[in-house]
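The values are calculated or read from the model by the stated rules, or taken from the named source; none is laboratory data. If you're wondering where the values come from, they're calculated on a predicted model, not measured in any experiment. For neighbour counting, all protein chains shown are included, and Cβ atoms are generated from backbone atoms with ideal geometry for every residue, glycine included.
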Number of protein chains: 2
Amino acid sequence: MSTIRDVARAAGVSIATVSRVFNGTNPVSEVARRRVEAAALELDYWPNVAARSLIGSRTHTLGVLLPDLYGEFFSDVIRGIDHAAAAVNHQILVASSHANANEFLSAARSMRGRVDGLIAMASDRASAAAIAKITRYFSVVVLNPRTPVSGCNAISVANLAGAVSMVEHLVQLGHRRIAMIQGPRGTGDAEQRLRGYRKALRKTGLRPDPVLEYEGDFTEASGYRAALELLRRKPRPTALFAANDYMAIGAMSALRDAGIAVPDEIAVTGFDDIAIVEYLSPPLTTVRVDAYDLGARAIELWMNRPDDASHCQHHVLSTELVVRGSCGSTRARAVHVRERRRRAQRQTPSAADSRHHARADSKRHASARQAVSRRHRGRRSTDFK
Amino acid sequence: MSTIRDVARAAGVSIATVSRVFNGTNPVSEVARRRVEAAALELDYWPNVAARSLIGSRTHTLGVLLPDLYGEFFSDVIRGIDHAAAAVNHQILVASSHANANEFLSAARSMRGRVDGLIAMASDRASAAAIAKITRYFSVVVLNPRTPVSGCNAISVANLAGAVSMVEHLVQLGHRRIAMIQGPRGTGDAEQRLRGYRKALRKTGLRPDPVLEYEGDFTEASGYRAALELLRRKPRPTALFAANDYMAIGAMSALRDAGIAVPDEIAVTGFDDIAIVEYLSPPLTTVRVDAYDLGARAIELWMNRPDDASHCQHHVLSTELVVRGSCGSTRARAVHVRERRRRAQRQTPSAADSRHHARADSKRHASARQAVSRRHRGRRSTDFK
DNA sequence: GGGGTTAGTGTAAACGTTTACATGCTGACC
DNA sequence: GGTCAGCATGTAAACGTTTACACTAACCCC
């Protein structure tokens, strides 16, 4: 592997000049620049990253620390992060396997010196505490914090408002006995959605009833289980709000197995709006969360972080109620089928990323994409500095 | 941030001794070791990664290069990679946004010096060519290569065999007019599945008919579209094999919208066995691919790569036919419901990762997990060398 | 024509490690 | 008691960059 010295020798200049050419730092004559570029191309030279970050203490890499989760939602968050990071010439070091605060800390430590900053998801209490410990080493952006972490920029989802709007919608449809399947205990998203559920009930004059709040852990299996339990309850609830889509899917499956019709005998709704749910039978009424955007904006927030850690921002990503067939608005159901068919026809088969563009906020992604290809046009980055 | 010199001063030893303590390189006296460890703890010292990789030209990081894909399948592949890498003390640098060979090359180049090797997915022809260009800089493991890449270890899915077993199963159920929805043109997985479909037809004495091979691109929308098209065909096919689960979901949705009963009027099957499909109505008959394992074994393959690039291995991950309700084996359907219910009951709500363990090959994951926690027990790694 | 600016370039000192080599010490052996 | 082995430690030279500083040559202005 050739070094800066080889290039300098081949081009007949000093290493300083080569360095200046590659960093775009002034001044360097046109003739020298050309000779260096030719020599570099010839030798297939590329600056050594380790040496660069050693001297500059900048790695142009961001660490991404996520809990051990999976599924479409997380996949979309990572895509958003990846695209946005690429657009600003950064790479991402991913560690998504921590199951508890200790593993989290350990993963963070092993990233020291390897990254310029961190995007960390800290849904539970312990992780939030762990983050507080590492802010002295990293500039951290927190995703979905359970409670605000002082000194960190953060971005989270409007879980409470989303849940409220969903439950209010169910009440509007005439439901009075509305059950809920909770997410895993201690995670911020789950708690906020539960609080929204209760708040909406109270707001509409109903009383939250603990026996209607079933346990769940965001998996389909737990949704299935919760629905089975719910079916034993007399009188049976007429609506079921699951804290995420996967649990709603599991619940619908259990109801079907038991011969209970959705939405006629019980309405079912979810949260997140992952891509498949509009293809379910019936299509799921849910709360849309733009996971891709969540990731993309985390990067944005990191890039624009304040110099002064004391005034940091906390963005909140708004949600949107998406009414489809599973909640029993029959009108919505008919409209939805027509819509889906029309959309399917319109899309061209070649648009590989059509799925996302068909969804909300396609503008942001389009621009990220442009930025990405801009980056790739020039052979080398010139903004390492 | 404290350096090795600070620690050396605090411990009253030379920097060489500190280095030896941290690398476990002999010999160092017990008393010196203890003093160094105390000083390091006191100063919260952690070796600078850039300096280490500069001198050692080893980064303990693996690059992961994936096309711009998403969904449960990819999410699982990444989890597998992540867990397995963590278990052997490596980190992963992810770039999953390349849409073509140029972007792929560019992403690979920007990883030079940052990683010790690469796990690259190269489903299409152009990417495979791109990989050939970078093998002189990296030791690469190729995921799902369309054609073997010389000098690279590779691991792929038994797409052909899986498709054959699925189509044979449909034939056994009495189907004669079996349609297929293809995956995106030019990607290896899609092509192999198509070839398997044709092969099975021929094997059972049927003739592959091009008009029954519908276009698709692995998205739900394309499956929906293909099913609409298929419905116009007279006589209507009695079975539909989609090249992946998402398209099968889309197709089932279109059929439902059109009032066609699955499986009574048409059987529908998929490929991949992503987690949700067993909760569909009817549950999807599909070919199971252990995506997690695919990722995990890629890491394994990289670790055990041969010194001599000339004899490299090509692993093939076997698949398994999973018969559920959507193909019309009524017996299978009844059994499935019982199974699902029993499994749901058995699982404890606290098992956050129960989903995966409930599936095939949980042993491998369990051991990866153990290795991960082993890693985290000691505060520092001693096998940097 | 001398002094001051400026553009272009080179030299050398960092950055924080690892490690080959040198050194000093201890004890065993003849 | 001298020699030799071997352990424990220290010294200093890498690794491949960036960049402060020094320097030259050219030019401009009085």
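Structure notes:
- Meets criteria (farther than 27 Å from B:Ala87 by Cα, within 14 Å of DNA strand C (Cβ to nearest atom) and hydrophobic (A, V, I, L, M, F, W, C)) for A:Val36: yes
- Residue match in segment A:4-11 (condition: of a type outside the set (Asp, Glu), surrounded by 20 or more Cβ atoms within 10 Å (Cβ to Cβ), touching a residue at least 12 places away in the same chain (Cβ under 8 Å) and more than 13 Å from DNA strand C (Cβ to nearest atom)): no
- Of all residues in segment A:12-29 being more than 10 Å from DNA strand C (Cβ to nearest atom) and either among the aliphatic types (A, V, I, L, M) or more than 14 Å from chain B (Cβ to nearest Cβ) (or both), the one that is surrounded by the most Cβ atoms within 10 Å (Cβ to Cβ): A:Asn23
- Selection of first residues in segment A:200-217 that are within 14 Å of chain B (Cβ to nearest Cβ) and of second residues that are surrounded by fewer than 19 Cβ atoms within 10 Å (Cβ to Cβ), restricted to Cβ pairs under 7 Å at least 6 apart or on distinct chains, gives the following pairs, ordered by first then second residue: A:Tyr214/A:Glu229; A:Glu215/B:Pro349; A:Asp217/B:Pro349; A:Asp217/B:Ala352.
- Residue, farthest from DNA strand C (Cβ to nearest atom), within segment B:44-60, restricted to residues that are buried (at least 22 other Cβ atoms within 10 Å of the Cβ) and β-branched (Val, Ile, Thr): B:Thr59
- Matching residues, segment B:179-211, being more than 26 Å from the chain's Cα centre (by Cα) and closer than 21 Å to A:Arg341 by Cα: B:Ala179
- Residue match in segment B:3-12 (condition: over 22 Å from B:Val140 (Cβ atoms), modelled with pLDDT under 90 and in contact with a helix residue (DSSP H, G or I) (Cβ under 8 Å, 6 or more places away or on another chain)): no
- Tallying residues that are more than 14 Å from every other protein chain (Cβ to nearest Cβ), in contact with an Asp or Glu (Cβ under 7 Å, 6 or more places away or on another chain) and over 27 Å from B:Thr135 (Cβ atoms) within segment B:153-186 yields 1.
- Scanning segment A:19-40 for residues that are within 30 Å of B:Arg52 (Cβ to Cβ) and aliphatic (A, V, I, L, M) yields A:Val21, A:Val36, A:Ala39, A:Ala40.
- You will find that of B:Ile266, B:Ile249, the residue that is more than 12 Å from chain A (Cβ to nearest Cβ), buried (at least 20 other Cβ atoms within 10 Å of the Cβ) and more than 24 Å from B:Ala87 (Cβ to Cβ) is B:Ile266 and no other.
Okay, residues lined up against (1) part of a loop (DSSP other than H, G, I, E, B); (2) more than 9 Å from chain A (Cβ to nearest Cβ); (3) modelled with pLDDT of 95 or more; (4) within 16 Å of DNA strand C (Cβ to nearest atom):
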position	(1), (2), (3), (4)
B:Val31	no, yes, no, yes
B:Glu42	no, yes, no, yes
B:Tyr70	yes, no, no, no
B:Asn89	yes, no, no, yes
B:Asn102	no, no, no, no
B:Ala107	no, no, no, no
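- Of all residue pairs spaced 6 or more apart or on separate chains, those with beta-carbon atoms under 6 Å, a first member in segment A:158-171 that is under 21 Å from A:Asp293 (Cβ atoms) and a second member that is among the β-branched types (Val, Ile, Thr) and outside any helix (DSSP H, G or I) are A:Ala158/A:Val316; A:Ala158/A:Thr319; A:Gly162/A:Val287; A:Gly162/A:Thr319; A:Met166/A:Thr269; A:Met166/A:Val287.
- Boolean, A:Ala298 is within 14 Å of chain B (Cβ to nearest Cβ), under 16 Å from the mean Cα position of the chain (by Cα) and at pLDDT 85 or above: no
- Unique residue being without any contact (Cβ under 8 Å) to a residue 40 or more places away in the chain and either more than 26 Å from B:Val262 (Cβ to Cβ) or basic (Lys, Arg) (or both) when the list is A:Arg305, A:Arg236, A:Arg297, A:Arg232: A:Arg232
- The selection criterion, being of a type in the set (D, E, K, R), surrounded by 23 or more Cβ atoms within 10 Å (Cβ to Cβ) and at pLDDT below 95, does not hold for B:Asp257.
- The set of residues from segment A:44-57 being within 30 Å of B:Phe74 (Cβ to Cβ) and either more than 9 Å from chain B (Cβ to nearest Cβ) or in a helix (DSSP H, G or I) (or both) comprises A:Val49, A:Ala50, A:Ser53.
- Filtered residues of segment A:1-25 (kept if near DNA strand D (Cβ under 9 Å from one of its atoms) and assigned to a loop (DSSP other than H, G, I, E, B)): A:Met1, A:Ser2, A:Thr3, A:Ser14, A:Thr25
- Total residues in segment B:26-46, condition in contact (Cβ under 8 Å) with a residue 12 or more places away in the chain, of a type in the set (Asp, Glu) and near DNA strand D (Cβ under 8 Å from one of its atoms): 0
- Filtering segment B:7-29 to residues that are polar (S, T, N, Q) and more than 43 Å from the chain's Cα centre (by Cα) leaves B:Ser14, B:Ser29.
- Any chance B:Ala161 is closer than 19 Å to B:Arg146 by Cα and surrounded by 22 or more Cβ atoms within 10 Å (Cβ to Cβ): no
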